[in-house]
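Below: the structure, in structure tokens.
The values are calculated or read from the model by the stated rules, or taken from the named source; none is laboratory data. Keep in mind that this is a model prediction, so the values were computed, not measured. Every residue, glycine as well, gets a Cβ built from its backbone with ideal geometry; the counts of neighbours run over all protein chains shown.
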Amino acid sequence: MPMRSIALIAIALPLAACAAYEEPASTPAAEPTYTCDAAAVQGHIGHTASADMGAAIQLQSGARTLRWGPPDSAWTMDYRPDRVNVRYDNAMKITEITCG
């Protein structure tokens, strides 16, 4: 009888190793939501365009990204609600601030 038990264990053990195992599903961390608010930064129109000014506009608008629009330049028409667009003229004065 003990020999039979050992044989059953020897057969059952490798079969148990073949049992399906599923990793628990991990929930990815939610990315922060960024929404641009151009109305909050309209007071910067007329100021000199600079890296510091761009950082302030991006922060105050709540945008994730900042896009500068140099004079006489073309822009892509893709709309991104998390982006603030800042246009400036040849004198480096900000002329327009929009979202998209």
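Which residues, counting only those in the range 68-94, are surrounded by 13 or more Cβ atoms within 10 Å (Cβ to Cβ), outside any strand (DSSP E or B) and touching a Gly at 6+ places or on another chain (Cβ under 9 Å)?
Within the range 68-94, Arg80, Asp82 qualify.
Being exposed (fewer than 14 other Cβ atoms within 10 Å of the Cβ) and without any contact (Cβ under 8 Å) to a residue 40 or more places away in the chain is the filter; apply it to the range 35-49 and report the residue that is farthest from Ile94 (Cα to Cα).
Ala39
Hey, does the range 24-34 have a residue that's surrounded by 10 or more Cβ atoms within 10 Å (Cβ to Cβ), at pLDDT 95 or above and not in a helix (DSSP H, G or I)?
Keep residues of the range 24-34 that are surrounded by 10 or more Cβ atoms within 10 Å (Cβ to Cβ), which gives 34.
Filter once more, keeping what is at pLDDT 95 or above: none.
Scanning the range 24-34, I find no residue that is surrounded by 10 or more Cβ atoms within 10 Å (Cβ to Cβ), at pLDDT 95 or above and not in a helix (DSSP H, G or I), so the answer is no.
Mind checking which residues of the range 54-66 are surrounded by 17 or more Cβ atoms within 10 Å (Cβ to Cβ) and either among the hydrophobic types (A, V, I, L, M, F, W, C) or in a strand (DSSP E or B) (or both)?
Once the filter is applied, which keeps residues that are surrounded by 17 or more Cβ atoms within 10 Å (Cβ to Cβ) and either among the hydrophobic types (A, V, I, L, M, F, W, C) or in a strand (DSSP E or B) (or both), the range 54-66 yields Ile57, Ala63, Leu66.
In the range 41-75, which residues are modelled with pLDDT of 95 or more and hydrophobic (A, V, I, L, M, F, W, C)?
Val41, Ile45, Ala49, Ala51, Met53, Ala55, Ala56, Ile57, Leu59, Ala63, Leu66, Trp68
Evaluate the range 76-88: report whether one residue or more is farther than 18 Å from Tyr34 by Cβ, at pLDDT below 95 and not small (Gly, Ala, Ser). So that I can check it myself, show each step before the final result.
Looking only at the range 76-88, we keep the residues that are farther than 18 Å from Tyr34 by Cβ, and these are 76-77, 87-88.
With at pLDDT below 95 added as a condition, the list becomes 76-77.
Those still in the list that are not small (Gly, Ala, Ser) too: 76-77.
Scanning the range 76-88, I find at least one residue that is farther than 18 Å from Tyr34 by Cβ, at pLDDT below 95 and not small (Gly, Ala, Ser), so the answer is yes.
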